[in-house]
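Worksheet: one structure, shown below.
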Amino acid sequence: MNLHFIAIGGSAMHNLALALHHKGYKVTGSDDAIFEPSKSRLDKFGLLPPECGWFPEKITTNLDAVILGMHAKENNPELQKSKELNIPIYSYPEFLYEQSKNKTRVVIGGSHGKTTITSMVLHVMHYHDKEVDYMVGAQLEGFDTMVNLTEDNDFIVLEGDEYLSSPIDRRPKFHLYKPNIALLSGIAWDHINVFPTYDNYLEQFKIFVDSIISGGVIVFNEEDKDLKEVVSNSENQIRKHAYVTPEYRVENGITILDTPEGELPIEIFGAHNLNNLAGAKWICQHMGIDEDDFYEAISTFKGASKRLEQIVASDRTVVFKDFAHSPSKVSATTKAVKDQFVDKEVIACLELHTYSSLTPEFLKQYKDSLNPANKAVVFYSPEALELKKLNPISKEQIITAFGREDLIVYTNAVEFQNYLETLDYNNKAVLLMSSGNYGGLNFDDIKNWAK
């Protein structure tokens, strides 16, 4: 097939482009800006566009299909040309479904934990030399790309995002996969620019459960009341398997999991991650992995990139970076670090970066989320508000929303970075949570500051 990617530089898009290139397809693409690591990875395989910009002349009748990225606009000239020539146009998830019609589709969804659970499943499969196709939202140790597509593998494991599919397809991505086996980790309101009410957001998960192939399986977190109700009320003819957080304890900074075979030390920590592990175990069992083989493999799992990723570790300090940005994730991650490092002073730093997190009405959802930390810091950029065309937010609004009078608030990236540079790291556990980069923070600098 001859394929053209409109907005090839995106994290997901460039990985799909690479996967299809490795599969033997002819791939071209365009974008108005491409950053690292996408740039180097595309360049390595000859897929980097010669120049940035949109070029309608690239769209010809020789193309079998166009894959449209979320970054492109509805008036994109290459998209318009594709429509004029009646070339099939696919969103990212639509094309993944086309590639997996004849496979057993395993879809991991939920407002939180889906990347970690998908990563756990793939780690276990890799550990036991079980080849599967996949798409995951983080770089994993032992995997070259975030997308793998073959003709031969029986299973495909897909991270099921509830955000929109493309500029011209307003359906959530996970509605398009039609899973045979599915997991939902929990429901916590997010993406308010697309789902303005919680009920509207909740409806997307009802649709997802009903999209599971008849006779399939839904694995779900029974501890989430709304999720339990969504699954229970579904009349879809599917099997329903609930899971809960397993028993565990923390001893000398090591998490020890209670298993049928006895106590098992594991690399990850936090109640939310143990809950994720329980869900991953069910999925792996449905994919043919015995319980004891699952535990053997999962004991070596160190986490997905940017998911409680340890960037500094010494006798005197630990520093983690985490993708957490929604209220439920921030609360769970902060509590996890505090529970794991009870003898250290926990400093939790959060960047408000997403559209939802910078909206006054949604800010209220963050109340008490940073309370487990001994010290709490919030950074946000007024320029980000301007770019997203949002009204200004004051420091006082932030403090009130989080419900913490001692909250430290920074609106200047240099001042925030100076705070981290001059911090006394002795006997500290520092947690950096963001889906952005704190206005250009170099994490290698932190490794030097924390020495």
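Every read-out reported here was derived from the displayed coordinates using simple, explicitly stated rules and does not represent laboratory data. Keep in mind the model is a prediction, meaning the values are calculated, not measured. Heads up, the Cβs are rebuilt from the backbone with ideal geometry, glycines too, and the neighbour counts pull from every protein chain shown.
Residue by residue, what Karplus-based ³J(HN,Hα) values in Hz, rounded to whole numbers, does segment 369-379 have, using 6.51, -1.76 and 1.60 with θ = phi - 60° and x for Gly and Pro?
5, 9, 4, x, 6, 5, 10, 10, 10, 10, 10
May I ask which residue of P50, V66, Q80 lies farthest towards the positive end of the charge dipole of segment 1-83, with charges of +1 (Lys, Arg) and -1 (Asp, Glu) on Cβ and the Cα centre as origin?
Result: V66, furthest along the dipole toward the positive end.
Can you give me the C-alpha center-to-center distance between segment 42-63 and segment 310-360, rounded to a whole angstrom?
For segment 42-63 versus segment 310-360, the Cα centre distance is 40 Å.
Please report the spacing between the Cα centers of segment 1-33 and segment 245-284 in Å, no decimals.
38
Rank F379, T317, L420 by how far each Cα sits towards the positive end of the charge dipole of segment 309-449 (+1 on Lys, Arg Cβ; -1 on Asp, Glu Cβ) and give me just the farthest.
Farthest along the dipole direction, towards plus: F379.
Tally Lys/Arg at +1 and Asp/Glu at -1 over every other residue whose Cβ is under 14 Å from the Cβ of S38; what's the total?
Net of charged neighbours comes to -1.
Run lengths n ≥ 4 of DSSP H only: what is the helix-derived mean residue ellipticity at 222 nm for the chain, with -39500 (n - 2.57) per run over all residues, to the nearest 500?
Roughly -9500 deg cm²/dmol at 222 nm, from the helical runs in the chain.
Among rounded, prolate and oblate, which fits segment 1-158 when a ≥ b ≥ c are the square roots of the eigenvalues of its C-alpha gyration tensor, a/c under 1.5 means rounded, and a/b larger than b/c means prolate?
Prolate, because a/c is 1.5 or more and a/b exceeds b/c.
If you restrict to DSSP beta bridges whose two residues both lie in segment 2-87, what percentage is antiparallel, to the nearest 5?
Taking every DSSP beta bridge within segment 2-87, about 10 percent pair in antiparallel fashion.
Is the shape of segment 2-87 best called rounded, prolate or oblate, per the rule: a/c under 1.5 gives rounded, else a/b larger than b/c gives prolate, else oblate, with a ≥ b ≥ c the square roots of the Cα gyration tensor eigenvalues?
oblate
Would you please give the residues with an amide H less than 5 Å from that of G216, counting only those at least 5 places away or on a separate chain, with H modeled from the backbone geometry?
The answer is R239.
Dipole of the chain (Lys/Arg Cβ +1, Asp/Glu Cβ -1, origin at the Cα centre): which of F269, S165, A450 lies farthest to the positive side?
Value computed over the given set: S165.
Restricting to the chain, what percent of DSSP beta bridges are antiparallel, rounded to 5?
Of the beta bridges lying entirely in the chain, close to 25 percent run antiparallel.
Going by amide H atoms built from the backbone, whose H comes under 5 Å of the H on V346, apart from near neighbours?
N374, K375, A429
Just how large is the dipole of segment 31-119 about the Cα centre, in debye to the nearest 20, putting +1 at every Lys and Arg Cβ and -1 at every Asp and Glu Cβ?
480
Go through K329/K451; K225/K367; K39/K428; K26/K58; K228/K321; K73/K388 and tell me which ones have a Cα-Cα distance over 25 Å in this structure.
K329/K451; K39/K428; K228/K321
Fewest first, what order do Y380, Y90 take by the number of other Cβ atoms within 10 Å?
So the ranking, lowest neighbour count to highest, is Y90, Y380.
In whole Hz, with x marking every Gly and Pro, tabulate ³J(HN,Hα) for segment 83-88 from phi via Karplus 6.51 cos²θ - 1.76 cosθ + 1.60, θ = phi - 60°.
5, 4, 8, 6, 7, x
Please get the size of the charge dipole for segment 309-449, origin at its Cα centre, with Cβ charges of +1 on Lys and Arg and -1 on Asp and Glu, quoted in debye to the nearest 20.
360
Please go through segment 245-333 and write out the chymotrypsin sites (Phe, Trp or Tyr not before Pro) that DSSP classes as loop and that have at most 14 other C-beta atoms within 10 Å.
Sites meeting the loop and neighbour criteria: none at all.
K206: which aspartates and glutamates have alpha carbons under 13 Å from its alpha carbon, excluding same-chain residues fewer than 8 sequence positions away?
E162, D226, E229, E235
To the nearest 20 debye, what is the magnitude of the charge dipole of the chain about its Cα centre, counting +1 on the Cβ of each Lys and Arg and -1 on the Cβ of each Asp and Glu?
Dipole about the Cα centre, nearest 20: 740 debye.
From the square roots a ≥ b ≥ c of the eigenvalues of the alpha-carbon gyration tensor of the chain, which class results: rounded (a/c under 1.5), prolate (a/b over b/c), or oblate?
In terms of gyration-tensor shape, oblate.
Which ordering of E51, E351, E74 is given by a fewest-first count of other beta-carbon atoms within 10 Å?
Lowest to highest Cβ neighbour count: E51, E74, E351.
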